[in-house]
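Beneath this line is the structure, given in structure tokens, with notes to follow.
What follows is calculated from the coordinates using simple rules that are stated; it is not laboratory data. All values reported here derive from a predicted model rather than from experimental measurement. So basically every Cβ, Gly included, is an ideal-geometry build from the backbone, and we count neighbours across all protein chains shown.
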Amino acid sequence: MVDTTVQTDSGTVRGEVVADGACAWRGIPYAAPPVGGNRFRAPQPPEPWDEVRECTRFGNAAVQDVSRFSPLQTEPDEDCLHLNVWSPAADGQQRPVLVWIHGGAFVTGAGSETLYDGTGFAADGDVVLVTVNYRLGVFGFLHLAEHGGAELASSGNNGLLDQIAALRWVRDNIAAFGGDPGNVTVFGESAGAISVADLLVMPAARGLFHRAIIESTAAPAMPERTAREATGVLLGELGIEPGPDAVPRLRALPAEQLHRAGVALPPMTFAPVVDGTAIPDDPQSCMQRGEIAPVPVLCGANRDEYTLFSSMFLDTSGWRSADVQEWLRGKFGPLWPQVAEHFAGHEWDVDLLNRLMSYGSFVCPTLRATAALSAHTDVWSYLFVYEHPLLKATHGLELPFVWRRVGAGGAGPFDVSGPDAVALSERMFAAWIAFARTGNPNAPGLPEWPRYDTERRAVMVFDAESEVRHDPHTDRGLWESLAAHERFGEAVFTS
């Protein structure tokens, strides 16, 4: 019988044997509950326990609105700072460790989602897989520096500080689960990818991970001024006067009331912020100067990222060319004349709308980060183009491929199946495992994958028949020109 009892710094935990002989430990606290006086504070050490803690059920997800597309398998609650571990065995071996940072626009998601089952990574990849919950929305990204003083100087980045606390837990404890604390890969998608990009430039994260994977966007953190304004709007909505009494009053509010006030504001209102402390400067600028963790990076995006959002939030039935142009003009603002000139002669239809928004919101920021990072560290670039029958190569579609969930269900709108999809999933899984193991994603079944540089711009294009293409982004020059505009982020990231 397999013994799943493990001693951690805080106490003893017991997991269970799951499918294919892998072991799982769920709901391990890596920090104290961020409630009461700990609301808005940086993560605090967990209270130790004396009895064996049964870790066979997921801990609470962060406070959020539950989506039917992403089953959490647990309930949201403010007491959410838990992580989950999957391993072949707690046998003292030193296996590569992968730490997953989930996406969800910094307002939804959890490490317990059905899609993020680490059994396959552990059983078939012979690695240790960790998924992490972190604070979301106003609980994780409300910037209170001018109201709470030094203690809350980085409250606008508490969600990222939670992730760093989880990485410290991995450093201090993962060896007991069969993992190598000296070989940790942090990887994430969407908001999780933004998090990974931010972790690369955060001084507090240095030395806690040794490789990084960025899946779909590496957007800059918001300026501190913007975060202050968002806090002012929230306080106004709640009827709270700015000043020294603001934080005690916010802490006294029921979690649900605070959450409802936060989600009533526009998307991405509460997200990582350049506070000068946790994030010292704009992450893109830090990348360009080489002020980053010196680790290999795997970085990419999906060709048709925006189709998911246009299908969910836009009713384009009956739209004509003028309607598409009017909507895009509102999105691109002062950048619109340059966009309109570049695409003059094209048919202004919903396909072009999706193309522009996919590149403006996701592919372009990822390309900028890839180019900046490649001047200072080893970087491999990919473009995912395998098409969903309805949404094409949309946002998040690579997830069931990386997680080997193709045909297995649990991927919500990203469920795909068929022999070509299964074969691609096996190749992508092998590449991610190879990167975690060696810092190089070259793996059997794929053509030779060169490192990225700004001369050759080699990109692995993932499809039923994957291939390496050089500079496959046909409108790259336009996006590089637009990205240099000081209002580029303001124009496209308010989507």
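Using the per-residue mean of other Cβ atoms lying within 10 Å as a proxy for protection, in what order, highest first, do the peptides 111-117, 299-305, 335-341, 49-55 fall? Walk me through the intermediate numbers first.
Numbers: 111-117: 23.0, 299-305: 27.3, 335-341: 15.0, 49-55: 13.4.
Peptide ranking by packing, descending: 299-305, 111-117, 335-341, 49-55.
Among Trp336, Leu298, Thr277, whose Cα sits farthest toward the positive end of the charge dipole of segment 197-354 (+1 at Cβ of Lys/Arg, -1 at Cβ of Asp/Glu, about the Cα centre)?
Going by the Cα projections, it comes out as Thr277.
I'd like to compare 431-439, 388-396: which one has the highest average count of other Cβ atoms within 10 Å, and what's the full order after that?
Values: 431-439: 21.7, 388-396: 18.9.
Per-residue mean Cβ counts within 10 Å order the peptides as 431-439, 388-396.
Residues with amide H under 5 Å of Phe384's amide H, sequence separation 5 or more or different chain, H placed in the peptide plane at 1.01 Å from N; which?
Ala301, Asn302, Arg303, Phe462
Take each complete run of DSSP H in the chain, measure how far its Cα atoms stretch along the helix's own axis, and keep only those covering 20 Å or more with mean Kyte-Doolittle hydropathy at least 0.0; list them. Spell out each step's value before the answer.
Working: long enough: 158-173 (22 Å, -0.26); 224-238 (21 Å, -0.17); 419-438 (28 Å, 0.54).
Passing helices, by number: 419-438.
Using a simple spin-label model with points 7 Å from Cα along the Cα→Cβ vector, what separation in nm is obtained for Ser317 and His342?
3.3
Cα atoms only, segment 85-239: Rg and Dmax in Å?
Looking at segment 85-239, its Cα Rg and Dmax stand at 16.8, 55 Å.
How would you classify segment 251-351 from its alpha-carbon gyration tensor, with a ≥ b ≥ c the square roots of the eigenvalues: rounded for a/c under 1.5, else prolate if a/b is greater than b/c, otherwise oblate?
Numbers: a/c = 2.30, a/b = 1.30, b/c = 1.76.
It comes out oblate by the Cα gyration axes.
Taking neighbour Cβ counts within 10 Å as the exposure measure, how do Cys286, Cys80, Cys364 sort from fewest upward?
Ordered by Cβ neighbours within 10 Å, fewest first: Cys286, Cys364, Cys80.
Pairs of alpha-carbon atoms within less than 8 angstrom and 6+ residues apart define the contacts here; what relative contact order does segment 285-442 have, in percent?
Working: 179 pairs, mean separation 52.4, N = 158.
Here the relative contact order equals 33 percent.
Report the far tail of the P(r) of the chain, meaning the percent of Cα-Cα pairs longer than 42 Å. Present the calculation step by step, with values, prior to reporting the outcome.
On the way: 16179 of 122265 pairs.
Counting pairs separated by more than 42 Å, the tail of P(r) holds 13 percent.
Exposure proxy check: Ser310, Ser358 ranked by fewest other beta carbons within 10 Å?
Values: Ser310 20, Ser358 26.
By the 10 Å Cβ count, ascending: Ser310, Ser358.
Given the C-alpha centroids of segment 364-409 and segment 66-123, what is the distance between them in whole angstrom?
Using only Cα atoms, the two centres lie 20 Å from each other.
With a Förster radius of 25 Å, plug the Cβ-Cβ distance of Asp415 and Asp77 into 1/(1 + (r/R0)^6) and report the FRET value to the nearest 0.05.
Details: r = 28 Å, r/R0 = 1.14.
For Asp415 and Asp77, the calculated efficiency is 0.30.
Treat segment 385-476 as a sphere of radius equal to its Kirkwood radius over Cα pairs and apply Stokes-Einstein at 25 °C in a medium of 0.890 mPa s; give the translational diffusion coefficient in µm²/s, rounded to a whole number.
Values: Rh = 14.0 Å.
D = 176 µm²/s.
Give the relative contact order (percent, whole number) for segment 91-246; include only Cα pairs under 8 Å separated by 6+ residues.
27
Roughly how many debye, to the nearest 20, is the charge dipole of segment 131-267 about its Cα centre, given +1 on each Lys and Arg Cβ, -1 on each Asp and Glu Cβ, and no other charges?
Working: 10 positive and 14 negative charges, 41 e Å.
I would put it at about 200 debye.
Quick check for me: using +1 on Lys/Arg Cβ and -1 on Asp/Glu Cβ, what's the dipole size of the chain about its Cα centre, in debye to the nearest 20? Intermediate values should be presented prior to the final figure.
On the way: 36 positive and 62 negative charges, 90 e Å.
The calculation lands at about 440 debye.
Taking 20 °C and 1.002 mPa s as the conditions, I'd like the Stokes-Einstein D for segment 167-273 in µm²/s, using the Kirkwood hydrodynamic radius from alpha carbon pairs. Each step should come with its number before you reach the end.
On the way: Rh = 16.5 Å.
Taking Rh from Cα pairs, D becomes 130 µm²/s.
Just want the ordering: His143, His342, from fewest to most Cβ atoms lying within 10 Å of their own Cβ.
Numbers: His143 29, His342 16.
Arranged by neighbour count, lowest to highest, His143, His342 become His342, His143.
Using only Cα atoms, locate the centre of segment 263-311 and the centre of segment 425-485, then give the distance between them in Å, rounded to an integer.
Segment 263-311 and segment 425-485 have Cα centres spaced 19 Å from each other.
If you put +1 on each Lys and Arg Cβ and -1 on each Asp and Glu Cβ, how big is the dipole of segment 241-346 around its Cα centre, in Debye rounded to 20? Spell out each step's value before the answer.
Numbers: 8 positive and 13 negative charges, 26 e Å.
Using only the charged Cβ atoms, the result is roughly 120 debye.
If I model a spin label as a point 7 Å beyond the Cα along the Cα-Cβ vector, how far apart are those points for Ala464 and Asn440 in nm?
3.2
Over the residues of segment 342-443, compute the C-alpha Rg and express it relative to 2.2 N^0.38 Å. Could you put the intermediate results ahead of the total?
Details: Rg = 16.0 Å, N = 102, 2.2 N^0.38 = 12.8 Å.
That works out to 1.26 for segment 342-443.
Kindly rank 59-65, 462-468, 133-139 from highest to lowest mean number of other beta carbons found within 10 Å of each residue.
Values: 59-65: 22.0, 462-468: 16.3, 133-139: 28.3.
Going from most to least packed, we get 133-139, 59-65, 462-468.
Mean residue ellipticity at 222 nm from the helices of the chain, using -39,500 (n - 2.57) per DSSP H segment of n ≥ 4 over the full residue count, to the nearest 500 deg cm²/dmol? Please list the in-between numbers first.
Values: 18 runs with 164 residues, N = 495.
Mean residue ellipticity, 222 nm, calculated: -9500 deg cm²/dmol.
Hey, with R₀ at 30 Å, roughly what FRET efficiency would Ser67 and Asp282 work out to, going by the Cβ-Cβ distance, to 0.05? The partial results should precede the final answer.
Numbers: r = 31 Å, r/R0 = 1.03.
Efficiency for this residue pair is about 0.45.
In percent, how large is the relative contact order of the chain, given Cα pairs closer than 8 Å and 6 or more residues apart?
Working: 1075 pairs, mean separation 66.0, N = 495.
Over the chain, the number comes to 13 percent.
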